[in-house]
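To start, the structure itself, in structure tokens.
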Amino acid sequence: MKRLGVNIDHVATLRNARGGFHPDPFLSAKQAMVYGADSITIHLREDRRHIKDIDLKNISKSKIPLNLEMAANDQMLKIALKYKPNFICLVPENRKEITTEGGINILKNLSKIKKIIKTLNQNKIRTSLFINPNLNDIKLSKQVNSKCVELHTGKLSDLIKLKKNYSNEYIKIKKCAKYAKSIGLEVHAGHGMDYNTTSLLSKIKDIEEFNIGHFIIGESIFAGLNKIIKKFKHMSK
């Protein structure tokens, strides 16, 4: 069974739309774990548009396995070392984007990323890079000593939703997953995933973890968090 990381960013989005404290991302994190999630993912953006520092503090102080997505810069590294989440995934960040638009540019930021990953590895925080599904980025991920890669599934998800031919993108992800695992990288997948994408990617044995957020939180409005998490766990067998 593949592990399921539940991203709760958009519980925070809902809270922030009204202000105040409800719904509480920390409570949603605890409930998601009770319902079968293997870990919780949050993205502490530099503009704090959804997850706030208090959310990171509350969850990191608990026993919840926490995956922190963050930009690759010294300010975020300082915050990461303060709260020491279990896992960290370095992601690109553009203030104007609605959601993450693609994988991180490792080549452009090679020395910076290598330095940050070295520090995180020394602090026994599992490291991951959110990358586009291409072999060169996988090679670079190994070069900078990341322990994992998370393959960006946004293009595949969009093609499936638009009922377009997705076979080339699927094959690309499958090849990347196989190659990454062969050189010692743990393989994760995420972005834009729904039932159809999850069902398809569950067939790729080299992928060990899915990170899914927006769809789970959105569907939970209609069916409840418990039912949706259990459905995804069943599909990931």
Checklist entry - At what distance in angstrom do the alpha carbon centres of region 57-94 and region 99-144 lie from each other? => result 14 Å
Checklist entry - Around Asn136, what is the net charge, scoring Lys/Arg as +1 and Asp/Glu as -1 over all other residues with Cβ under 15 Å from its Cβ? => result +4
Checklist entry - Based on the alpha-carbon gyration tensor of region 1-70, what equivalent-ellipsoid semi-axes (square roots of 5 times the eigenvalues) come out, in whole Å, largest first? => result 19, 13, 11
Item to check | Whole-number Å³ per residue for the convex hull built on Cα positions in region 115-173 | outcome: 71 Å³
Checklist entry - Within straight cross-link reach of Lys30, meaning Cα distance under 13 Å, which aspartates and glutamates are found once same-chain residues fewer than 8 apart are removed? => result Asp38, Asp55
Next on the checklist: Through the Karplus equation 6.51 cos²θ - 1.76 cosθ + 1.60, θ set to phi - 60°, convert the phi angles of region 109-117 into ³J(HN,Hα) values in whole Hz; use x for Gly and Pro.
Outcome noted: 10, 4, 5, 5, 5, 4, 5, 5, 5
Checklist entry - Per residue, how much space in cubic angstrom lies within the convex hull of the C-alpha atoms of region 54-148? => result 104 Å³
Next on the checklist: Pairs of alpha-carbon atoms within less than 8 angstrom and 6+ residues apart define the contacts here; what relative contact order does the chain have, in percent?
Outcome noted: 21 percent
Checklist entry - Got a number for carbon plus sulfur as a percent of the chain's accessible area, 1.4 Å probe? => result 54 percent
Checklist entry - Which option, (1) 25, 23, 16; (2) 34, 22, 15; (3) 36, 21, 13, is the value of semi-axes √(5λ) of the Cα gyration tensor in Å that was calculated from these coordinates? => result (1)
Checklist outcome for this item: The percentage of Cα-Cα pairs in region 155-202 separated by more than 12 Å is 63 percent
Checklist entry - Which of Lys205/Lys227; Lys82/Lys124; Lys2/Lys233; Lys63/Lys114 have a Cα-Cα distance over 18 Å? => result Lys205/Lys227; Lys63/Lys114
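The values are calculated or read from the model by the stated rules, or taken from the named source; none is laboratory data. Since we're looking at a predicted model, the values are computed, not measured. As a convention, Cβ positions derive from the backbone with ideal geometry for all residues, glycine included, and neighbour counts pool all protein chains shown. Just so you know, the surface numbers come from the protein's heavy atoms only, side chains and all, with ligands and any DNA or RNA stripped out. Shrake-Rupley method; radii C 1.70, N 1.55, O 1.52, S 1.80 Å.
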